[in-house]
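**Student:** Dropping the structure in here first, questions after.
The values are calculated or read from the model by the stated rules, or taken from the named source; none is laboratory data. All figures in this text were calculated on a predicted structure; none of them were measured in a lab. Here the Cβ positions follow ideal geometry from the backbone for every residue, glycine too, while neighbour counts run over all protein chains shown.
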Amino acid sequence: MTAVVAVDLGKTGCRAALWNGGDGPPPQVHEVPGAPGLAAENGVAAARAAVLAAVCPLLEREPRPAAVCVGAAGAAAAPEAARALAGLLLADLPADEVAVTSDAVTAHAGALGGRTGVVLAIGTGSVAIGIGDDGSYARVDGWGPWLGDEGSGAWIGAAGLRAALRAHDGRGPDTALLAAAVERFGDPDQLPVAVGQGGNPARAAASFAPDVARLAAAGDTAASAIVRDAAAALGEAVLAAARRIGGDAPSVTVTGGLTGLGEPLLGPLRSALARSPRPLRLRSPLGQPLDGARLLALQARAPHEPHVVRVRRAAPFSPVPTSPVPPPALA
């Protein structure tokens, strides 16, 4: 049986799973805090620390996996960083091969079982990935919290916090978002400090997205407008990806932690997709990003392969003493 390790490295959390043969759920999953993204300053070092903190406990019983595949936030925007991370992990871990790709690519592979179509991956960030029957590829958004990721958890949370501060200043209408922001972050005058103090402002902002969705469901006008705008932005990303890959009635699925917001977000999103000028086949996801990383670890012939960096060991693994890599600080 072939043992493989799959890693889903996001900006909020890093999950690793070990499969020692078989097609069922992984018997072991280990989760630690995530990393700001490969494109961020010191992104490779932060990603390496997070992956090792998640993976090493799994190798206590399976010391020699055949392959490790990491779906990492920021890999699409920083391919050289993805290659650097793959090389470092090959030196760190006793695997024969290490593959690194975007977390959106592993989400696509998992959600559609390695087949073609469009996958909208929404979490702290957001990106739509399309892969067509002719091999065409489209990546829409995923530009990070300051330039894009429209409709993402960080986008919704930041919009909610802005609305709260407008109400606090007297520049905007009253909204229950202000009380929710105070409950979660404390004194609104210290909100910028509170959001930035953990070193990952996008993750901190995204933690407010469930509050925005809850208040939208309760009828708060400002929160409802934010969630509607988020759904519209996410719908635009899906439609753009579908246009770019072409084909007839592409499959579309939505995956990621932000789907946990439920109907306040997903209802308007379905309505936006239903207005598509060309038919789309909405499907439930077949699997999660970890399933996609496992699939790409086991096979190099999926349509996703042009977007995967692989490095393979040329000589037997021999651990070399190095300075220990500290695990990422707990949030």
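**Student:** Looking only at the stretch 138-152, how many residues end up being on the phi < 0 side of the Ramachandran plot and either assigned to a strand (DSSP E or B) or in contact with a Phe, Trp or Tyr (Cβ under 8 Å, 6 or more places away or on another chain) (or both)?
**Tutor:** Qualifying residue count, the stretch 138-152: 4.
**Student:** Could you give me the residue pairs with C-beta distances under 7 Å whose first residue belongs to the stretch 125-146 and is without any contact (Cβ under 8 Å) to a residue 60 or more places away in the chain, whose second residue is part of a strand (DSSP E or B) wherever it lies, and which are 6+ apart or on separate chains?
**Tutor:** none
**Student:** Pick out, from the stretch 90-137, the strands (runs of 3 or more DSSP E) lying fully within it that include 2 or more residues that are over 23 Å from Pro279 (Cβ atoms) and of a type outside the set (Val, Ile, Thr). Before the answer, list the steps.
**Tutor:** Details: elements: 97-102, 117-122, 126-131.
So the answer is 97-102.
Let's see how each residue does on (1) under 20 Å from the mean Cα position of the chain (by Cα); (2) modelled with pLDDT of 95 or more; (3) assigned to a loop (DSSP other than H, G, I, E, B):
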| residue | (1), (2), (3) |
| --- | --- |
| Trp155 | yes, yes, no |
| Ala158 | yes, yes, no |
| Leu161 | no, yes, no |
| Ala164 | no, yes, no |
| Thr175 | no, yes, yes |
| Gln190 | no, no, no |
| Gly198 | yes, no, yes |
| Arg203 | yes, no, no |
| Ala213 | yes, yes, no |
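Yes/no matrix, rows are residues, columns are (1) over 14 Å from Asp8 (Cα atoms); (2) at pLDDT 90 or above; (3) not aromatic (Phe, Trp, Tyr):
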{"site": "Pro63", "(1), (2), (3)": "yes, no, yes"}
{"site": "Ala67", "(1), (2), (3)": "yes, yes, yes"}
{"site": "Val70", "(1), (2), (3)": "no, yes, yes"}
{"site": "Ala77", "(1), (2), (3)": "yes, no, yes"}
{"site": "Arg83", "(1), (2), (3)": "yes, yes, yes"}
{"site": "Leu90", "(1), (2), (3)": "yes, yes, yes"}
{"site": "Val100", "(1), (2), (3)": "no, yes, yes"}
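**Student:** How about the stretch 53-71: which of its residues are under 12 Å from Val7 (Cβ atoms) and assigned to a loop (DSSP other than H, G, I, E, B)?
**Tutor:** Once the filter is applied, which keeps residues that are under 12 Å from Val7 (Cβ atoms) and assigned to a loop (DSSP other than H, G, I, E, B), the stretch 53-71 yields only Pro65.
**Student:** If you take the residues of the stretch 283-308 that are among the charged types (D, E, K, R) and surrounded by 19 or more Cβ atoms within 10 Å (Cβ to Cβ), which of them is nearest to the chain's Cα centre (by Cα)?
**Tutor:** Out of the qualifying residues, it is Asp291.
**Student:** Out of the residues in the stretch 234-282 that are exposed (fewer than 14 other Cβ atoms within 10 Å of the Cβ), charged (D, E, K, R) and out of contact with any strand residue (DSSP E or B) (no Cβ under 8 Å at 6 or more places or on another chain), which is modelled with the highest pLDDT?
**Tutor:** Out of the qualifying residues, it is Glu263.
**Student:** Tell me whether the stretch 12-31 contains one or more residues that are closer than 18 Å to Arg310 by Cβ, polar (S, T, N, Q) and in contact (Cβ under 8 Å) with a residue 60 or more places away in the chain.
**Tutor:** No - not one qualifying residue is present in the stretch 12-31.
**Student:** Between residues in the stretch 209-228 that are over 15 Å from Gly151 (Cα atoms) and residues that are at pLDDT below 95, which pairs lie under 6 Å by C-beta distance while being six or more apart or on different chains?
**Tutor:** These pairs meet every condition: Ala217/Pro264.
**Student:** Taking the condition modelled with pLDDT under 75 and out of contact with any His (no Cβ under 9 Å at 6 or more places or on another chain), does Pro321 pass?
**Tutor:** Here the answer is yes, as Pro321 does meet what is asked.
**Student:** Any chance the stretch 234-251 includes a residue that's on the phi > 0 side of the Ramachandran plot and either aliphatic (A, V, I, L, M) or in contact with a Leu (Cβ under 9 Å, 6 or more places away or on another chain) (or both)?
**Tutor:** Start the filter on the stretch 234-251 by keeping residues that are on the phi > 0 side of the Ramachandran plot, which leaves 246-247, 249.
Applying the additional criterion that residues be either aliphatic (A, V, I, L, M) or in contact with a Leu (Cβ under 9 Å, 6 or more places away or on another chain) (or both) yields 249.
Within the stretch 234-251, one or more residues are on the phi > 0 side of the Ramachandran plot and either aliphatic (A, V, I, L, M) or in contact with a Leu (Cβ under 9 Å, 6 or more places away or on another chain) (or both).
**Student:** Further question: Would you point out the residue of the stretch 1-30, among those that are within 23 Å of Asp96 (Cα to Cα) and of a type in the set (D, E, K, R), that is surrounded by the fewest Cβ atoms within 10 Å (Cβ to Cβ)?
**Tutor:** Asp23
**Student:** Which residues, taken from the stretch 25-53, are among the charged types (D, E, K, R) and within 12 Å of Ala73 (Cα to Cα)?
**Tutor:** We begin by selecting, within the stretch 25-53, every residue among the charged types (D, E, K, R); these are 31, 41, 48.
Passing the criteria: none in range.
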